[in-house]
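Each remark here refers to the structure printed beneath this line.
Please treat every number below as a calculation from the coordinates, not as lab data. Keep in mind it's a predicted model, so treat the numbers as computed, not measured. Counting neighbours? That spans all protein chains shown, and the Cβs are built from the backbone with ideal geometry, glycine included.
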Amino acid sequence: MTNRLPGSYIAVGNIPNGATAYHTEQLSHLFGFCEGAMKFNNRVFIYGERLIRVNLHWIRDYVLTVKGFRYTEKDLRTFPDLLLEKQHAKGFFYEIIAPVSDMHSGRPWVKDGVTTRISSPECCYYEEGMAFGLCRLELEADIEYLMVEGVHMIWQATGDDQWLAQAMPKLEKGLDYICSDPLRWDSHYQLAKRPRTLDTWDFLDNMRSSHDRAIHPDDPMGIFHGDNTGLFNARLIMAKLHRYLGNTAAAKRHEELAAALRERVMTHLWNGDFFRHFLAIDPVDYGVDEARQMSLSNAYALNRNILTFAEKKRVIAAYRAMRDKYHGEYDDFRNLEPPYPIFHGRKAGQYVNGAIAPFVAGQLALGAFETGEESYGVDILKRMARKISGDGKVAFLYDWDGKDIGGGPRCWCGAELMHAECAGLAGVVDNGKLFANVTLSPRFAAAREPRACVRLEYACSGKAVEYDFAADYQARTLSVQLLSDHHHAKLRLYLPDSATATAVSRNGQPAAWHDEQVGQSHYACVDTLAAGDTVTVQY
């Protein structure tokens, strides 16, 4: 290349038509589509004398959006910093910032002549004179592990060790709360519990929860797998961060807690093919066999380090089986299977009762890329990009016919698809912070792309990873040139069609390498790469 461009992008060589209206060059469009979806929900709130960037104004959606947002936005901290600062004395975090005119602010409001509020009083925070309030929907049991994920990603992008060290005690307090408070922790199963919601969502099968998300004595309680696989992954992240900060004993404690948690999760929630939707503490007949009901957080479990390779393959097979069963273009992205006949007034296929979810597609694609199903990962990204291109936007949910049914933020969906493209297709993984230690696993050969140029920059720090990929499929040759400088960079280059490498060179000279097999796929691996190096692989 005779020039380089700033910012973040993934450019590919397969562009037979210059106009985007043809909807044919799916991968050349995808990064921009996803960035546009994230911009759609990007706002700044005026909280007293503070400006708070929200994308979205629910910390769950915000953290999930940071997966892509970190490559395009300079401010990642103002919203998480507010919630860290306002942490409740018990240890839980508020999750929403909303204007006081919105019931999600936690402010009292009048419904049918009765004053009510959306959550319990202790889960609502308001400073007199403010135009916004903070709220925790009491029935949610996932905010504390999401805060761990968010702090980790923000630290990676900013490199701010002092900020991380100040946040760690708050994260510890949050996890301790989830694992000890009787409202959150089941003493029998030794797992996190919640009222009977649809997966990670925030309502029960009663009309009261349309406006009241506190926990009530008559709410049926149970164990939801996603709360616990997320908690497991948060323990591993905490161990990593403690070890980085030199707290070896704390790191070992989290690893031990994670190992014990995994044993309980797999014993009580794994059915041999995927995680059952819900393990009832207070049984209610909802008209389906919940032990064989697959909910959307199974796609997230693929990427939470809790499943073995064989278990991941079983989950992916279960998703693929939905498309085989229903034959729709997007049926492997259903968010609940089988759906309930009706739940909270929503029929089968509506909202999170079985609709098509792009965020499921993103997590499923990433899991496929990491599990030797690279062609399936490419297929998912191409199908979603084709859908977005045809519609002119990414929707939050689709019905079974592919029609936009709304229901939530585009930013979350755009970020999950971008994350699958960046970490899966482009294969960029930051093993520490600021891209100092990276693993690059380019998988463009799975898409038969002749060329690709990848640049991912943490917008808040300017630190970036950059490489070029080229392929000559007739000559059976692939090459990668690293353009960015790192303390350590490892290359894992995917080879198409289950091929194995026959020769590997670095800058024209034979190079040390080894083969890594992932399922039926092979990767040619060079353990150390320097800026300016070009690795060429014959297969």
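Structure notes:
- Averaging the Cα positions of each part gives two centres, and for the stretch 315-354 and the stretch 407-445 these lie 26 Å apart.
- Here Cα extents along the principal axes in Å was calculated from the structure, and among [x] 76, 52, 47; [y] 111, 68, 40; [z] 76, 58, 39 it sits at label [x].
- Helical mean residue ellipticity (222 nm; -39500 (n - 2.57) per DSSP H run of 4+; nearest 500) of the chain: -10500 deg cm²/dmol
- Approximating the spin labels as points 7 Å out from Cα along Cα→Cβ, the residue 161-to-residue 218 distance works out to 5.7 nm.
- For the stretch 296-308, backbone phi angles converted through the Karplus equation (6.51, -1.76, 1.60; θ = phi - 60°) give residue-by-residue couplings of 4, 6, 5, 5, 5, 4, 4, 10, 10, 6, 9, 9, 6 Hz, Gly and Pro being listed as x.
- Order of 487, 216 under a 10 Å beta carbon neighbour criterion, fewest first: 487, 216
- Cross-link reach is defined here as a Cα-Cα straight distance under 14 Å, omitting same-chain residues fewer than 8 places apart; for residue 170 the aspartates and glutamates meeting it are 81, 85, 144, 149.
- Under 5 Å, built H, 5+ apart or other chain: amide partners of residue 372: none
- Exposure proxy ranking for 327, 225, 88, 57, based on other Cβ atoms within 10 angstrom of each Cβ and starting from the fewest, stands as 327, 88, 57, 225.
- Distance from the alpha carbon centroid of the stretch 454-477 to that of the stretch 38-70 works out to 28 angstrom.
- A cut-off under 14 angstrom between Cβ atoms defines the neighbours of residue 206, and their net charge, with Lys, Arg +1 and Asp, Glu -1, is -2.
- Pairs from 90/312; 39/313; 67/240; 193/393 whose Cα-Cα separation, in the structure shown, is over 30 Å: 90/312; 39/313; 193/393
- Per-residue Cβ neighbour rank within 10 angstrom, fewest leading, 284, 315, 100: 284, 100, 315
- Residue by residue, the stretch 362-369 carries 3J(HN,Hα) couplings of x, 5, 5, 4, 4, x, 5, 4 Hz when phi is fed to the Karplus relation 6.51 cos²θ - 1.76 cosθ + 1.60 (θ = phi - 60°); x denotes Gly or Pro.
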